[in-house]
Structures are given as structure tokens and as C-alpha cells.
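Below is one structure, written out as C-alpha cells; the observations come after it.
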Amino acid sequence: MISLRDQRIKQTERAKSNVKKKDDPSAIKEREVPQHPSCLFFQYNTQLGPPYYILVDTNFINFSIKAKLDLVQSMMDCLYAKCIPCITDCVMAEIEKLGQKYRVALRIAKDPRFERLPCTHKGTYADDCLVQRVTQHKCYIVATVDRDLKRRIRKIPGVPIMYISNHRYNIERMPDDYGAPRF
């Protein structure tokens, strides 16, 4: 195999030598800072209000079944307002992949009270889908028990997280004016 620096290769086809340009220290450095949406009041999101749209994760449904909690009723008990659980196509595909053992979760996810959200991206990884949707539209609350997903969502300002503790739903990063008292 001939090296790209060989003399027999035409000048235009030769590999360019990597000559690094020295950065000018006096030049103005530019960096891009992400613009925070105007709906945020300090760390709280003013766009949120009843009826609450709650993005539900796969494991949230499974843990709700284990804790014997009715999803919609428990959400309303937590927030003291009308709640509309939303399920993306990715979450639905994830539940279907789990098989026969999780057929109760699949039946709950197909409940007509749940709103289905279509996905346009490739793949069926639900965590990325939820994070992407919440980053674009800050009008959702994310319901999850997954630690990694919670950690990723905490980095996004203005998105409350609903989770299960002590056999009831709790919510974090929500103004005290809305919802049930914290325990």
C-alpha cells in the first residue's frame, strides 16, 4: 500500500500536513450560552398549571402496580388538580418489549384516559425521548423512579419530577403554591 505522502502520488491527492495555527491571545473569544426560556421564574416554571400533563416512564407504571396505586387518582391526590398522564410511543414500545410478565402495565398504559404522544425520532430508548421532549417543551412533569433519568432531568431547569415514596406519589421542584404539602 502506498503512503499518501509518497512522491509518486499527484500533489492534489497527497495528505495535507497538520500545521497548527497558534491562537491569538488578544482575539475575542466567543462561546455560546444557552438561552433560558422566559417561562422560568427563578427555578420555578410559570408555564405549569392545571390540568397538568405528566410524562410517564415505564418503571413508574411498574412501581405503581407494585405499590397498588391507581395512576390517575394518585396523581390527582398528589397535585390537587386534574392530571393528564401522557405516554410516548417509546415508552409504549418498551412496555410491549417486556413481554407477558408486564401485561398489566401494558393494559394500564392503553387506558383511554392516557394521552398518546407520537415520536418522530429513530430508536425506542425512552429515557432519551423523554429528556428531548422535556427540553423542547417545558409544559410537562416527568413521572419516573429511575435514578439516572432523574439525574438527567434535574439538569434541565424548570421541569418537576414526580416519584414514588412511602406508597404515595411525591413531587420535587414544584412551587409550594401548587400541589400537596411535602412530607
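The values are calculated or read from the model by the stated rules, or taken from the named source; none is laboratory data. Note that the coordinates shown come from a computational prediction; the quantities given were computed from them, not determined experimentally. A quick note on method: Cβ atoms are made from the backbone with ideal geometry, for glycine too, and the neighbour counts reach across all protein chains shown. Side chains included, ligands, DNA and RNA excluded: accessible areas come from the protein's heavy atoms. Shrake-Rupley method; radii C 1.70, N 1.55, O 1.52, S 1.80 Å.
Remarks
- For region 72-101, residues that are over 15 Å from residue 129 (Cβ atoms) and touching a residue at least 40 places away in the same chain (Cβ under 8 Å) total 10.
- Residue 135 passes every criterion in (1) at pLDDT below 90; (2) under 28 Å from residue 40 (Cα atoms); (3) of a type in the set (S, T, N, Q) apart from (1).
- Any chance residue 154 is open to solvent by less than 80 Å² (accessible area, probe 1.4 Å), in contact with a Lys or Arg (Cβ under 9 Å, 6 or more places away or on another chain) and closer than 20 Å to residue 38 by Cα: no
- Residues being open to solvent by 80 Å² or more (accessible area, probe 1.4 Å) and assigned to a helix (DSSP H, G or I) - total across region 46-63: 1
- Failed condition for residue 38, given (1) within 21 Å of residue 164 (Cα to Cα); (2) part of a loop (DSSP other than H, G, I, E, B): (1)
- Those residues of region 136-151 which are open to solvent by 10 Å² or more (accessible area, probe 1.4 Å) and part of a helix (DSSP H, G or I), in sequence order: 136, 147, 148, 150, 151
- Residue within region 14-31 that is at pLDDT below 75 and within 17 Å of residue 161 (Cβ to Cβ) present: no
- The set of residues in region 66-82 that are aromatic (Phe, Trp, Tyr) and within 12 Å of residue 114 (Cα to Cα) is empty.
- Top-ranked residue of region 115-135 - restricted to ones that are assigned to a loop (DSSP other than H, G, I, E, B) and open to solvent by 70 Å² or more (accessible area, probe 1.4 Å), ranked as farthest from residue 51 (Cα to Cα): 122
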